[in-house]
Amino acid sequence: MEALTQLARGVPWTIALTLTSFLLGALLGLGLCALRLSSSRVLRALATGAVLLLRSVPPVVWLFIIFFGIGFGYVQLPSFLAAMLGLALITAANMAEIYRGALSGVHRGQTEAAIALGLSPRHRFQDIVGPQMIRIALPSAATFAIGLLKDTSVASLIGVQDVAFQVNALAQRSFSGTGIFVIAALLYIALSLPIAALARWTDLRLRAKVAR
Amino acid sequence: MIQTPILKPGPRQDGPHPDHAAAGRPQPSAPVVRIENLVKRYGAYVALHEIGFELKSGEVVAIIGPSGSGKSTLLRCVNQLEQPDGGCITVAGQRFEGGKEHSRAALDTLRRTVGMVFQSFNLFPHMTILRNVSIAQERVAGRSRKDAEDRAMHLLARVGLADKAGQYPARCSGGQQQRIAIARALALDPQIMLFDEPTSALDPELGLEVLAVMRELAESGMTMIVVTHEMRFAENVSDRVVVMADGRVIEEGPSRELMRDPKTERTQRFLHAVRDR
């Protein structure tokens with residue numbers, strides 16, 4: 001029972017870290033995606049490089065680099081901020097790719113119709129292409145968000161007191177590790193269910209409108 | 001039988017909004033569209049070879065010809081969906097030279113002057129029918145939501161679909177979708193309407209309701225360029241027919257005359273082929 005309360009103390013941190021890094025990353029990802037599709041070759045190359053770099057280094061290594069590397073000697077970032085930043089950057093790279101795929105799924109005729117109506121590039125995206133892109137990106141984004149929820153556990157290694165952190169602390173104190181790990185697993189499953197449910201609900205709602 | 005909507009000839013909307021007044025509205029007899037030596041290339045492939053023709057205000061021109069002859073490309077050059085590589089297109093007094101960049105302002109005016117209807121309708125699937133017809137009025141013409149929706153309802157009534165206003169495009173038949181697309185294009189009060197094979201994606205029966213709307217639009221005095229495979233429409237509704245093949249205009253003339261008595265062998269072959277179907 002005492003173990004449960006201690007585990008529960010980690011839940012707000014896990015949720016906060018998942019939410020903030022996902023939202024920030026989803027936003028940065030839009031920018032990164034725009035750069036990847038830019039007409040400037042230099043910007044395109046930079047964005048492609050950034051995506052490759054962010055995606056091919058494991059999250060834990062990024063967190064160490066940001067927390068110990070950048071933090072050490074320059075600015076000492078609080079562990080939560082460092083973890084959020086690192087995970088947001090990784091999310092940005094992944095979301096940029098998800099957006100890019102989704103964009104190619106929006107029929108070319110949509111943009112043409114918007115151009116023929118004289119809509120400005122901003123309105124073409126905001127009113128016409130953007131909403132359709134997000135609708136297509138939604139399932140992949142939800143899958144990624146669930147993965148991210150689990151990846152936030154690496155933040156415990158730099159001292160964020162999330163669920164994984166509490167599990168480690170408990171296991172080291174109590175010698176009955178297995179039971180605690182199983183409870184932690186159930187907790188992560190319970191946390192990921194709402195994400196899946198939300199994504200499914202939104203998807204169905206949007207699909208109902210445009211269903212053939 | 002499908003009930004076809006009746007378009008009242010109503011007040012003409014080829015209207016003097018300020019942009020056009022500034023550009024100098026063409027005299028009724030002067031061409032509202034003039035295409036000169038138009039060239040369009042895709043790499044080494046030449047899609048349009050020095051095309052030229054003119055269109056007077058109120059005229060309806062049908063462009064016919066075999067697939068791949070450049071009809072759609074030509075149409076898409078008129079509103080700069082495709083950028084020509086050479087020659088010149090003048091629309092409502094505004095010159096667009098091929099191979100040059102055009103200012104945003106010039107393109108904005110062009111697209112308010114010219115409405116377009118696509119083969120695949122291209123309605124916005126995530127918006128209601130009403131929103132499809134009102135959005136550009138708010139974003140481009142700066143109308144209030146109420147004004148835009150009033151105008152949209154009026155246009156939907158004109159194409160016989162006022163009762164669909166609150167629904168999404170996926171709930172409509174192809175013919176209904178294309179009529180909505182026509183209402184959407186009319187919402188900005190264009191002077192010229194472009195139709196890119198508007199019935200080619202439709203069952204013949206559904207095509208009829210679209211053609212009825214187009215016929216009534218033509219009768220109300222709208223200037224129209226229609227790329228089509230509907231030979232009866234070309235013959236009976238349009239004033240003139242332009243025949244294209246291999247990126248060239250091979251024949252052009254008053255529609256009845258041309259359709260009944262084509263001069264070139266190539267046109268005769270084409271008409272023979274499509275009529276034999």
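Got at least one residue in region B:129-139 being part of a helix (DSSP H, G or I), within 12 Å of another protein chain (Cβ to nearest Cβ), touching a His at 6+ places or on another chain (Cβ under 8 Å) and free of Cβ contacts under 8 Å to residues at least 24 places away in the same chain?
Scanning region B:129-139 turns up at least one residue that is part of a helix (DSSP H, G or I), within 12 Å of another protein chain (Cβ to nearest Cβ), touching a His at 6+ places or on another chain (Cβ under 8 Å) and free of Cβ contacts under 8 Å to residues at least 24 places away in the same chain.
Kindly indicate whether any position in region A:159-172 is within 14 Å of another protein chain (Cβ to nearest Cβ), at pLDDT below 95 and open to solvent by 20 Å² or more (accessible area, probe 1.4 Å).
no
Just to be sure before I move on: is B:SER173 more than 30 Å from B:THR267 (Cα to Cα), open to solvent by less than 10 Å² (accessible area, probe 1.4 Å) and of a type in the set (Ser, Thr, Tyr) in the structure I sent?
Considered against the rule, which asks whether it is more than 30 Å from B:THR267 (Cα to Cα), open to solvent by less than 10 Å² (accessible area, probe 1.4 Å) and of a type in the set (Ser, Thr, Tyr), B:SER173 comes out as no.
Which one of A:ILE136, A:ILE128, A:ILE98, A:ILE115 is in contact (Cβ under 8 Å) with a residue 12 or more places away in the chain, within 12 Å of chain B (Cβ to nearest Cβ), open to solvent by 20 Å² or more (accessible area, probe 1.4 Å) and among the β-branched types (Val, Ile, Thr)?
A:ILE136
Collect the residues in region B:68-119 that are aliphatic (A, V, I, L, M), within 12 Å of another protein chain (Cβ to nearest Cβ) and touching a residue at least 24 places away in the same chain (Cβ under 8 Å), keeping them in residue-number order.
B:LEU75, B:VAL78, B:LEU81, B:LEU107, B:LEU110, B:VAL114, B:MET116, B:VAL117
Which of the residues belonging to region A:46-66 are assigned to a helix (DSSP H, G or I), without any contact (Cβ under 8 Å) to a residue 60 or more places away in the chain and open to solvent by less than 70 Å² (accessible area, probe 1.4 Å)?
Those that are assigned to a helix (DSSP H, G or I), without any contact (Cβ under 8 Å) to a residue 60 or more places away in the chain and open to solvent by less than 70 Å² (accessible area, probe 1.4 Å): A:ALA47, A:THR48, A:GLY49, A:ALA50, A:VAL51, A:LEU54, A:VAL61, A:TRP62, A:ILE66.
From the list A:GLY109, A:GLY86, A:GLY105, which residue is in contact with a Pro (Cβ under 9 Å, 6 or more places away or on another chain) and among the small types (Gly, Ala, Ser)?
Answer to the selection: A:GLY86.
Among the strands (runs of 3 or more DSSP E) confined wholly to region B:37-102, which include 3 or more residues that are among the aliphatic types (A, V, I, L, M) and open to solvent by less than 10 Å² (accessible area, probe 1.4 Å)?
Counting at least 3 such residues, we get B:45-56, B:60-64.
With B:ALA183, B:ALA162 as the choices, which residue is free of Cβ contacts under 8 Å to residues at least 40 places away in the same chain, of a type outside the set (Lys, Arg) and more than 11 Å from chain A (Cβ to nearest Cβ)?
Matching residue, one of B:ALA183, B:ALA162: B:ALA162.
In region A:187-208, is there at least one residue being within 14 Å of chain B (Cβ to nearest Cβ), over 29 Å from A:ALA93 (Cα atoms) and out of contact with any helix residue (DSSP H, G or I) (no Cβ under 8 Å at 6 or more places or on another chain)?
Scanning region A:187-208 turns up at least one residue that is within 14 Å of chain B (Cβ to nearest Cβ), over 29 Å from A:ALA93 (Cα atoms) and out of contact with any helix residue (DSSP H, G or I) (no Cβ under 8 Å at 6 or more places or on another chain).
When you go through (1) open to solvent by less than 40 Å² (accessible area, probe 1.4 Å); (2) assigned to a helix (DSSP H, G or I) one by one for A:PHE22, which number turns out not to apply?
Just one mismatch for A:PHE22, condition (1).
Of the conditions (1) within 13 Å of B:ILE180 (Cβ to Cβ); (2) surrounded by fewer than 21 Cβ atoms within 10 Å (Cβ to Cβ); (3) in contact with a helix residue (DSSP H, G or I) (Cβ under 7 Å, 6 or more places away or on another chain); (4) of a type outside the set (A, V, I, L, M, F, W, C), B:ARG143 satisfies every one except a single condition; which number is it?
Only one criterion is unmet by B:ARG143, namely (1).
The values are calculated or read from the model by the stated rules, or taken from the named source; none is laboratory data. Since the model is a prediction, treat every value here as computed from it, not as a measurement. In this analysis, Cβ positions are derived from the backbone assuming ideal geometry, glycine residues included, and neighbour counts consider all displayed protein chains. These accessible areas exclude ligands, DNA and RNA; they are computed on the full protein's heavy atoms, side chains included. Shrake-Rupley method; radii C 1.70, N 1.55, O 1.52, S 1.80 Å.
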